[in-house]
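Here the structure comes first, spelled out in structure tokens, and everything after it is commentary.
The values are calculated or read from the model by the stated rules, or taken from the named source; none is laboratory data. On a predicted model such as this, the values are computed, not experimentally measured, just so you know. For neighbour counting, all protein chains shown are included, and Cβ atoms are generated from backbone atoms with ideal geometry for every residue, glycine included. Heads up: the accessible areas ignore ligands, DNA and RNA and are worked out on the full protein's heavy atoms, side chains in. Shrake-Rupley method; radii C 1.70, N 1.55, O 1.52, S 1.80 Å.
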Amino acid sequence: MKATWVQQIKKEDVDMLIFFKIFLNRLMERGGLLQVGFGKHFDPSRSRDLKDAQVWPGYSTALSTFQSGVLFTINPTNKFIMERTAYDVIKGTRGGGNTKENIAKELHARGVMTTYNRRVYRVEEVSYDHSPKDTFLLKEKKMTREISYVDYYKEKYNVEIRDADQPLLVHVNERTLQKIYLVPECCMLTGITDELKAKNSRDMRDILFANAEVKYKRIQTYFDHLLNNEKCKEMMNQWKVTICDKPLEIDAVQLHPGKIMIQNGAAIDLSRTPDFDREIKNLYDMPKINKWAVFYPRRFKKEAEALLRDLQNCLRDFRYPCNPPRRVEISDDRAETWCQSIDDTLKDHPDTSVAIFVIQGKKGSSPVYHELKKKLVTDVPIPSQMILAETLSRGKGIRSIANKLFIQCNAKLGGTPWAFKDLPFLDKPTMFCGIDVFRKCKEKGASYSAFVASMDKFCGKFHSETAWNTEGDDLGVKLGASVINSMAKFKEANGVEPQRIIIYRDGVSESQLPAVLSTECGAIKDALDTAGHSECKLIFLVVNKMVNARFFSKHNNRTVNPERGLVIDSGVVKESEYDFYIVPHGSRQGIQGPTRFHLLYTNDDIDTKGLYELSYRLCYGYFNYGSSIKVPSPVLYAHKLAYFLGEIENKQGKTIPDDKLQSKLYYI
């Protein structure tokens, strides 16, 4: 055998990362863990029995190269395996429904794990046109032969299919869009259901909401096991690989959240009161409500009356300028009846400011929600707020619900519940913006893009632009047009155009950063130049809250979640990029997940600390929540808008909102 020198693999090379990923997967396998899905390993031998399910303890792992070298991230996780199979659901045994509608409802988007190789799949549909008796072409070495699913399972896994007439489950590979057919009786249901939570409430609290100390000890225990396992030690010695059993220690900076303002110049210091829900006694800006309407089904009149009483108490306590509402009783639950009532009421009273709807159904599955929302952003463009009758019928916390409902309505009307005091980057007129794209549209290849821009220095009023994109459309060009339109609206509101634009882009993975830089950011720069705004400064950041990194702090020799406002910009950041982490909100349960920011482009002389402070402080600007959220508010508004329209499209078809709503947060 002749060996030829090729090159030395350096720590930043992709090949180095690939080697370590393969190495660690095999090491964890030798340590007794079973890989289920991408980057997740579980220990069935330490399973915990629950009512109607088992839970496997495990770890979610990731590897990446940072300033400090190749780092291994490990987070405790769990896999819930139900006693029921998909076949049980289809046949209606063990409490399942046996109609096609019930089956589709229970299995769609549900995770299943195959019993023969323990792989996890997401069910897209149940195909009654296919059965295990069907055949497919099986490729083997240099030949291809036709084989039935029944025979394939027997030959490959020694599994006997009992019911050859059962339908098949369909999984769609996200990357290749190839359909994979699964036999229901070989698919265990996975995941957490409301029923499972109810039956195991105490156990679920222990499993899902263990604090940082418990989870840290669990990680440390596994590392001790891994490094003392004879098979693992042999493999590490063979490859001369050493794994540090202690977490990386890094320096961090604590940011100040600043203050927010409410009516009459009163201010709330967020460093003292980070959760300020109960401190909001008056709102910063309250546009008068001349006419408003409350719609409710006749059978929920009692619940609607209780809500109205508390709403009117709220209005009185907040000293909100408002006339009594028009009450509209709906005779039945049909969407057609609701729509006709909207036409009769709102078209006759076009100056109605806002409408509140008490609707039937459960969270996420109301039979009228999407149809009403589509009508209220197209045919009858008016800010609206929906609330489930089921929520009100519990009879608890209605005053708290009324408070939040009132604040939401204020924001949807174009008011400002609270305003930021002395934000960074206000040395010149600056527009704070958010971008997100919804890509799971029903129409193949279609998407909704949303662009949201602040219209005042308090980051309390916003203008929104949306675009419906089909295959072949240039998303960057449409975003560039949205920026130019928003600049014109900014000038209308302030008498001057923005001289600086700061954009937060949501939902982009690391591998997509170059494409976003060239297509979206590049197109926005081109649009500014073409429109004669080449002097306008641009700062473009990508925000990612779905990150693997986890940070701990030590307090009195205990492991705890870090305080909110912590920024990390060394050690676990990329050597060739400008990225940083912020812990934007606090948590007493589980392990606190940070938010990662990539500064993708700037042509401005930026103050690094100011950028950190701005990104953190804007996390307190989401008017649906009286505390901090995981991302700056403009990007969450863009996310809400894109997903609001995308979800309507999935149920009701393509929807283009009326331009009259662009100055209102109608989508939160």
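What spacing in nm lies between the two simple spin-label points modelled at LYS440 and HIS256, each 7 Å away from Cα in the Cβ direction? A separation of 4.2 nm, rounded to one decimal place.
For the chain, just say rounded, prolate or oblate: build the C-alpha gyration tensor, square-root its eigenvalues into a ≥ b ≥ c, call rounded for a/c under 1.5, and beyond that prolate if a/b exceeds b/c, oblate if not. Cα axes put the chain in the oblate bin.
Considering only protein heavy atoms and a 1.4 Å probe, what is the carbon-and-sulfur percentage of the accessible area of the stretch 39-128? In the stretch 39-128, the share of accessible area belonging to carbon and sulfur is 41 percent. Among the listed pairs LYS489/LYS525; LYS375/LYS457; LYS197/LYS259; LYS197/LYS217, those whose Cα-Cα separation exceeds 29 Å are LYS375/LYS457; LYS197/LYS259.
Here the 3J(HN,Hα) profile of the stretch 494-509, calculated from phi with Karplus coefficients 6.51, -1.76 and 1.60 at θ = phi - 60°, is 10, x, 8, 7, x, 9, 8, 10, 10, 10, 10, 9, 9, x, 10, 7 Hz, Gly and Pro shown as x.
Close amide H partners of PHE66, meaning residues 5 or more places away or on another chain with modelled amide H under 5 Å apart, are LEU71. Applying the Karplus relation 6.51 cos²θ - 1.76 cosθ + 1.60 with θ = phi - 60° to the stretch 315-332 yields 3J(HN,Hα) values of 4, 5, 5, 7, 6, 7, x, 7, 8, x, x, 8, 9, 10, 8, 9, 6, 9 Hz, where x marks Gly and Pro.
Among the chymotrypsin sites (Phe, Trp or Tyr not before Pro) within the stretch 1-76, those in coil by DSSP and having at most 16 neighbouring Cβ atoms inside 10 Å are TRP5, PHE38.
If I compute solvent accessible area with a 1.4 Å probe over the protein chains, what percent of it on the stretch 459-501 is carbon and sulfur? Whole-percent figure for carbon plus sulfur exposure: 46.
At a Cα cut-off below 17 Å, give the aspartates and glutamates reachable from LYS133, other chains included and same-chain residues fewer than 8 away excluded. Qualifying aspartates and glutamates at Cα under 17 Å: GLU146, ASP151, GLU155, GLU160, ASP163, ASP165, GLU185. Annotation for GLN220 and ARG558: the two label points, set 7 Å from Cα along the Cα-Cβ direction, are 1.4 nm apart.
As a fraction of the 1.4 Å probe accessible area of the stretch 132-237, surface on carbon and sulfur atoms comes out at 48 percent.
Maximal additional length on extending the GLU492-ARG175 stretch stands at 109.6 nm, based on 0.36 nm per residue less the C-alpha distance. For the chain, the share of DSSP beta bridges that are antiparallel, to the nearest 5, is 75%. Helical runs assigned H by DSSP (4 residues or longer) give the chain a calculated mean residue ellipticity at 222 nm of -9000 deg cm²/dmol, each run adding -39500 (n - 2.57) before division by the residue total. Take the Cβ atoms of ASP529 and SER64, set R0 to 30 Å, and the FRET efficiency comes out at 0.25. Cross-link pairs exceeding 19 Å between alpha carbons, from the set LYS105/LYS199; LYS246/LYS554; LYS421/LYS491; LYS347/LYS660; LYS421/LYS461: LYS105/LYS199; LYS421/LYS491.
Within a straight-line Cα-Cα reach of under 18 Å, LYS654 can be paired with the following aspartates and glutamates, leaving aside sequence neighbours fewer than 8 residues apart in one chain: GLU371, ASP379, ASP436, GLU443, GLU465, GLU471, ASP473. Note that the chain presents 50 Å² accessible area per residue, ligands and nucleic acids not counted, probe 1.4 Å.
Once you reduce the stretch 118-141 and the stretch 243-265 to the center of their Cα atoms, the two points are 49 Å from each other. Amide H contacts of SER271 (H built 1.01 Å from N, in plane; Pro and chain starts excluded): GLY258 sit under 5 Å, all sequence-distant by 5 or more or on other chains. For the stretch 225-371, the gyration tensor built on C-alpha atoms gives an oblate shape. Its axis ratio a/c (a ≥ b ≥ c) is at least 1.5, and a/b is not larger than b/c.
Between ILE656 and ARG319, the modelled label-to-label distance comes to 4.5 nm, taking each label 7 Å out from Cα in the direction of the beta carbon. Structure note, pairs LYS21/LYS215; LYS10/LYS537; LYS100/LYS396: Cα-Cα distances above 32 angstrom occur for LYS10/LYS537; LYS100/LYS396. Taking amide hydrogens as placed 1.01 Å from N in the peptide plane, the amide H of HIS585 sits under 5 Å from those of GLY565, each at least 5 positions away in sequence or on another chain.
Bridging of LYS179 to aspartates and glutamates at a Cα separation below 17 Å is possible for GLU124, GLU125, ASP129, ASP134, once same-chain residues fewer than 8 apart are set aside. Let me know the longest stretch in the chain that avoids all GluC sites (Glu not before Pro) found in a DSSP loop with at most 16 other C-beta atoms within 10 Å. Result, exposed sites excluded: 250-442. Taking the stretch 361-398 and a reference point 7 angstrom along Cα→Cβ of LYS199, no backbone N atom is nearer than 14 Å. Restricting the trypsin sites (Lys or Arg not before Pro) of the stretch 397-449 to loop positions (DSSP other than H, G, I, E, B) with no more than 14 neighbouring Cβ atoms within 10 Å leaves ARG439, LYS440, LYS442, LYS444.
Each residue of the stretch 240-249 was assigned a 3J(HN,Hα) from its phi angle through the Karplus curve 6.51 cos²θ - 1.76 cosθ + 1.60 (θ = phi - 60°); the sequence is 6, 10, 10, 10, 6, 8, 10, x, 5, 9 Hz, with glycine and proline shown as x.
Checking every one of the trypsin sites (Lys or Arg not before Pro) in the stretch 560-668 against DSSP loop status and a limit of 13 other Cβ atoms within 10 Å picks out ARG588.
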